[in-house]
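Below you'll find the structure, written out as structure tokens, and then a few comments.
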Amino acid sequence: MQFQQLQYFVAVAETRHFTRAAEQVHVAQPSLSQQIKALERELGADLFLRARGNITLTDAGEALLPLARRILADTDTARLEVQELVQLRRGRVRLGATPSLCTGLLPDVLRAFHDRYPGIRLLIEEGGSHDLVRQLARGALDLALVVLPLPTASPALTTVELLREDLVVVSSPDAPRPGEGRRTIRVADLEGERLVMFRHGYDLRELTVAACRSAGFEPDFAVEGGEMDAVLGFVRAGLGVAVVPLMVATGAGRGLRVTPLARPGLHRTIALAHRSDVAPPRAARELQRMLVER
């Protein structure tokens, strides 16, 4: 049974005339008649009583008509649904990002995306790069903002670098300035400072600890285990200093002193990742374009 045969059948049933039905569906009348006969052979029953000048439905035709109309209507609905997705009227994007990027980079881009495509649902998953890479690999995310290099070799992922961001030291204005008051400090100047440290799995934790060890000392933690907001709150309270992205520090508002790191400083590279073997959905590709061109 073919979709076209059902379309022809409904046209004849509604017009009760083969020639007018053929004109309605833009096909030659002999072709329409042949398709109706093929449908009847497949079903094993006549669908129309054909008397000169009088076309009526048989019992089989009466039974088929509402089903055929439903199939045609469902097909039109499916076509419209797909067109809406293609045209970005509806759909969803599942985006993963590290908490610091959710705070600094994403709000403006997501606002612009939502203004342009209000029918697209944005589902945001916060996590460290390790967790986000795993979720990408199992298909739980369409895109993820991760820190390079990736925690493990991931040949199944494609990454596009977005930015290289400076890291800075934040402290409470009520506490002594780190590095004996200098305007810029080195990582080595953090020796002896009490650090407010992120939880395990945070890219910033691993980067900071590695930098301290490279400078020849083991970091001293005043508090550890927090998320970004908690770390900034503990620093404001004077519990210690923290190394955070410049984007986060400048957007954190009052209550924090920002001290740059002297050259070569510390940096992190942010990339947008997606699976190599599956193309992201249309809406995700549009968000990807806006992130790259921001």
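The values are calculated or read from the model by the stated rules, or taken from the named source; none is laboratory data. These numbers were taken from a predicted model, which means no experiment stands behind them. Every residue, glycine as well, gets a Cβ built from its backbone with ideal geometry; the counts of neighbours run over all protein chains shown. Protein only, heavy atoms only, side chains kept; ligands, DNA and RNA dropped before computing areas. Shrake-Rupley method; radii C 1.70, N 1.55, O 1.52, S 1.80 Å.
Going through region 264-279 one residue at a time, which ones are open to solvent by 10 Å² or more (accessible area, probe 1.4 Å), under 19 Å from Ala140 (Cβ atoms) and among the hydrophobic types (A, V, I, L, M, F, W, C)? Of everything in region 264-279, those that are open to solvent by 10 Å² or more (accessible area, probe 1.4 Å), under 19 Å from Ala140 (Cβ atoms) and among the hydrophobic types (A, V, I, L, M, F, W, C) turn out to be Val278, Ala279.
Consider Leu150 carefully, then state whether it is more than 22 Å from Ala252 (Cβ to Cβ), touching a Lys or Arg at 6+ places or on another chain (Cβ under 8 Å) and among the aliphatic types (A, V, I, L, M). The answer is no for Leu150. Looking at Leu72, is it open to solvent by less than 50 Å² (accessible area, probe 1.4 Å), part of a helix (DSSP H, G or I) and farther than 30 Å from Gly119 by Cα? The answer is no for Leu72. Which condition breaks for Asp46 when tested against (1) open to solvent by 30 Å² or more (accessible area, probe 1.4 Å); (2) of a type in the set (D, E, K, R); (3) part of a helix (DSSP H, G or I)? It fails just one condition, (3).
Could you look through region 76-116, keep only residues that are among the hydroxyl-bearing types (Ser, Thr, Tyr) and open to solvent by less than 30 Å² (accessible area, probe 1.4 Å), and pick out the one that is nearest to His267 (Cα to Cα)? Let's see the steps before the verdict.
Of all residues in region 76-116, those among the hydroxyl-bearing types (Ser, Thr, Tyr) come to 77, 98, 100, 103.
When the remaining residues are screened for being open to solvent by less than 30 Å² (accessible area, probe 1.4 Å), the result is 98, 100.
Details: Thr98: 15, Ser100: 14 Å.
So the residue we want is Ser100.
Identify the residue in region 193-219 that is of a type outside the set (Lys, Arg) and open to solvent by 70 Å² or more (accessible area, probe 1.4 Å) and, among all such residues, is nearest to Val168 (Cα to Cα). Checking each candidate, the answer is Glu206. Is there a residue in region 175-185 that is out of contact with any Leu (no Cβ under 6 Å at 6 or more places or on another chain), assigned to a strand (DSSP E or B), open to solvent by less than 40 Å² (accessible area, probe 1.4 Å) and touching a residue at least 60 places away in the same chain (Cβ under 8 Å)? Yes, that holds for at least one residue.
The residues in region 179-216 that are on the phi < 0 side of the Ramachandran plot and at pLDDT below 90 can be counted, and the count is 8.
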